[in-house]
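Beneath this line is the structure, given in structure tokens, with notes to follow.
The values are calculated or read from the model by the stated rules, or taken from the named source; none is laboratory data. The structure presented is a predicted model; accordingly, all values stated were derived computationally and were not measured. When we count neighbours, we look across all protein chains shown, and the Cβ atoms used for this are built from the backbone with ideal geometry, even at glycine. Ligands, DNA and RNA are excluded from the accessible area calculation, which covers all protein heavy atoms including side chains. Shrake-Rupley method; radii C 1.70, N 1.55, O 1.52, S 1.80 Å.
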Amino acid sequence: MASFTSPSLVRIRYALWGLIVVAALVLAGLYMRGTPAPQESRQATQSGEAAVRSEFTLTDHTGKRVTEADFLGRWQMVFFGFTYCPDVCPTTLAYMATVLDTLGETADKIAPLFITVDPGRDTPKVMADYVSAFHHRLVGLTGSEVDVAAAADAFRAYYERMEEDSAPDGYLMTHSGHIYLMTPEGRFEAVFREGDQPPEEMARKIQNIMEKYGK
Amino acid sequence: MRTALLIVAVLTLSPFSAMAEETVRIIEPWARASVLASRPGAAYLTIESARDDRLLSVESPVADRVMIHATENNDDVNRMVHFDALDLPAGKSVVLAPGGTHLMLMGLKERLIEGARVPVTLRFERAGEVTITVPVLGIGARGPTEDIQ
């Protein structure tokens, strides 16, 4: 990896440490308020207390208002991101598409959902163009700022607007990069990250989970 | 590998290559196809410099601005960080790859279409300007040496 050590980057390094401190404080704050951070929710799942819930009222990329009830009976594979994200989001959505393709017909039992954390710019029309580029079954979900905040809160997904002069429209979205797997009843089952395993391995894990449930 | 050879060829043809070729190698550059022209694109490459150098800026005629960005992942949260320049320690491979450091192409004239070839000029503190041709791979591509969807 690159090493960013030149004197002119020292300020950036300090800024990064600053960000880490701020992030730590934010996480600590969330913890104090009893809101589990992603790490904790994973542990909670292992102990059987699913803190991550699939609860939302959003607008899909065809313009239809949907809730989690519309996806009951299918497994949900959920990722939060935004279409102005040039690196992690396309990488993760393409990864999810490969997982679905690897699963073949089994993927019919999965509803892949891409929920934007940038609803102001990600209209249903934008989402329609965007999701269709990745997978014909990928569902794009957007809504009002309040709708999206509620959905992210239920999934314990973190996101934040970051002002950045050099970015389009002067801001970027910071977001957690998890892929959530929810059961056909809408309960939390597992969390994955794109970089943690090749897509074939994630497909195998999902297959195993489905066999375990017999669903 | 074919890409690497191609880049060597491009460098050889470049008017700025005489000096740059000796000191800086650009390996396997690629860009990911983008979905919408209104959304930024991303390009990746590996840079090797024989001596200490810095990548100061990047330009491309297909974009209003090219920025050096990194995706930092702390506590499972992805955060974009903007770099004014990229340090290139002598003899080290500096890798720009998905999920890490990348070139962000902003204000695209049109979306990046798979199969297209995009000129990109890298300006180094010591090696000067190097113009390369960057192939646009599929939206699901992970790199030039892996299967392209």
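Quick notes
- Some residue of segment A:168-179 being under 12 Å from the mean Cα position of the chain (by Cα), open to solvent by 30 Å² or more (accessible area, probe 1.4 Å) and at pLDDT 90 or above: no
- Across segment A:162-172, a minimum of one residue is classified as assigned to a strand (DSSP E or B) and touching a residue at least 40 places away in the same chain (Cβ under 8 Å).
- Matching residues, segment A:191-213, being crowded, with 17+ Cβ neighbours inside 10 Å and farther than 18 Å from B:ASN73 by Cα: A:PRO199, A:MET202, A:ALA203, A:ILE206, A:MET210
Residues checked against (1) among the aliphatic types (A, V, I, L, M); (2) in contact with a strand residue (DSSP E or B) (Cβ under 7 Å, 6 or more places away or on another chain); (3) open to solvent by less than 10 Å² (accessible area, probe 1.4 Å); (4) free of Cβ contacts under 8 Å to residues at least 60 places away in the same chain:
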{"position": "A:ALA97", "(1), (2), (3), (4)": "yes, no, yes, yes"}
{"position": "A:GLY104", "(1), (2), (3), (4)": "no, no, no, yes"}
{"position": "A:ALA107", "(1), (2), (3), (4)": "yes, no, yes, yes"}
{"position": "A:ASP118", "(1), (2), (3), (4)": "no, yes, yes, yes"}
{"position": "A:THR123", "(1), (2), (3), (4)": "no, yes, no, yes"}
{"position": "A:ASP129", "(1), (2), (3), (4)": "no, no, no, yes"}
{"position": "A:ARG137", "(1), (2), (3), (4)": "no, yes, no, yes"}
{"position": "A:LEU141", "(1), (2), (3), (4)": "yes, yes, yes, no"}
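- Of the strands (runs of 3 or more DSSP E) contained entirely in segment B:60-131, not one carries at least 3 residues that are acidic (Asp, Glu), open to solvent by 10 Å² or more (accessible area, probe 1.4 Å) and more than 7 Å from chain A (Cβ to nearest Cβ).
- Unique residue being among the polar types (S, T, N, Q), part of a loop (DSSP other than H, G, I, E, B) and open to solvent by less than 20 Å² (accessible area, probe 1.4 Å) when the list is B:SER34, B:SER38: B:SER34
- Hits in segment A:92-151 - residues which are β-branched (Val, Ile, Thr) and under 15 Å from A:HIS175 (Cβ atoms): A:THR92, A:ILE115, A:THR116, A:VAL117, A:THR142, A:VAL148
- Residue in segment A:147-157 that is part of a strand (DSSP E or B), away from every other protein chain (no Cβ under 11 Å), at pLDDT 95 or above and crowded, with 22+ Cβ neighbours inside 10 Å present: no
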